[in-house]
Amino acid sequence: MQRYFLPPEGFEQDRIVITGDDAHHLIRVMRAEPGDEVICCDGLGRAVLARLTEIGKTEVSAIATQELPQTGEPSVELWIAQSLPKGDKLETVMQKGTELGATRFIPFLSERTVVQYDAKKEEKRLDRWRKIVKEAAEQSHRSVVPEVLAPLSWKALLKLIGEVELAVLCYEKESGLQLRSLLREIGDLREKSATEAATPSAQTEGTATSTSRPTKRPRILVIVGPEGGITEREAEEAEQAGARSTGLGPRILRTETAGMAATACIMYEYGEMGG
């Protein structure tokens, strides 16, 4: 069944108005008719089964008939910080990262970033990235569209390390701690979040929760360098800021592969890959 992410203002209680590209897709591509059903999401976690009531030339009206549970959101809040790579590699990272369950993408500039960053083109690129993430979220049946930040400086990225429970720096020169060993610590984060969710302050007394997942999800930040890798100075600065430097095995991965590999490993550890 088709799934569409709409702006929150498109929801008026049970009445839904679909406009823009989504309306065009329904009208011109899907040849939708009144009575057809689709899934509509507000991008913030609400998903409803909706029955189309009116097909116009540029917009479609619908009525929500059933609230749907959130089944596509992971129990961990995972942020992927990717140094700007060449070509369309970042688009691949965002698309596949969304499918794997990432909740935020943070492009950043580092010493060895090859791409010439043009602030004048930032808005256009951001729009494209956010469109790619939205479409990937629809395809993978997510309930929330991951956030895409504007590119940050290295120093600005380091400040975000203090906002997460675990920051993982993917560093090809790390010969000691490998990701598999570091992931053993994630179990402690999972138990901590579950314990906090069970305390009275985590939920309203006497109110039944609609899901068995913790209300407070631990945050994990994965930092990936550009084609030339992170410099030794940057690795030291990241560790001083609280990040854990880790390798991803004996093989050197491309920059667009490293973040996805780390994400898949973390999601597997959290039981988000079917286990």
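Within region 72-95, the set of residues being touching a strand residue (DSSP E or B) at 6+ places or on another chain (Cβ under 9 Å) and polar (S, T, N, Q) comprises Gln82, Ser83.
Considering only residues of region 141-158 that are in contact (Cβ under 8 Å) with a residue 60 or more places away in the chain and assigned to a helix (DSSP H, G or I), which is surrounded by the fewest Cβ atoms within 10 Å (Cβ to Cβ)? Selected residue: Trp154.
Yes or no, residue by residue, for (1) more than 18 Å from Ile132 (Cβ to Cβ); (2) surrounded by fewer than 19 Cβ atoms within 10 Å (Cβ to Cβ); (3) modelled with pLDDT under 90; (4) touching a Lys or Arg at 6+ places or on another chain (Cβ under 7 Å):
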site: Met1; (1), (2), (3), (4): yes, yes, yes, no
site: Pro8; (1), (2), (3), (4): yes, yes, yes, no
site: Glu12; (1), (2), (3), (4): yes, yes, yes, no
site: Ile18; (1), (2), (3), (4): yes, no, no, no
site: Asp22; (1), (2), (3), (4): no, no, no, no
site: Leu26; (1), (2), (3), (4): yes, no, no, no
site: Ala32; (1), (2), (3), (4): yes, no, no, no
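When the test is whether a residue is part of a loop (DSSP other than H, G, I, E, B), within 23 Å of Ile220 (Cα to Cα) and not hydroxyl-bearing (Ser, Thr, Tyr), Glu111 does not pass it. Only one entry in Ser175, Ser201 is modelled with pLDDT under 65, of a type outside the set (A, V, I, L, M, F, W, C) and farther than 21 Å from Thr255 by Cα, namely Ser201. Screening Val115 against (1) over 21 Å from Ala262 (Cα atoms); (2) β-branched (Val, Ile, Thr); (3) touching a helix residue (DSSP H, G or I) at 6+ places or on another chain (Cβ under 6 Å) leaves a single unmet condition, (3). When residues in region 114-140 are screened for being exposed (fewer than 15 other Cβ atoms within 10 Å of the Cβ), within 19 Å of Thr103 (Cα to Cα) and touching a residue at least 40 places away in the same chain (Cβ under 8 Å), 1 of them pass.
Candidates in region 222-257 are the residues that are in contact with a Leu (Cβ under 6 Å, 6 or more places away or on another chain) and of a type in the set (Gly, Ala, Ser); of these, the one that is modelled with the lowest pLDDT is Ser245. Considered as a group, the residues in region 1-33 that are within 24 Å of the chain's Cα centre (by Cα) and part of a loop (DSSP other than H, G, I, E, B) include one that is nearest to Val60 (Cα to Cα), and that residue is Leu6.
The values are calculated or read from the model by the stated rules, or taken from the named source; none is laboratory data. As the structure is a prediction and not an experimental result, all values here were calculated from the model. We place every Cβ from the backbone using ideal geometry, glycine too, and count neighbours over all the protein chains shown.
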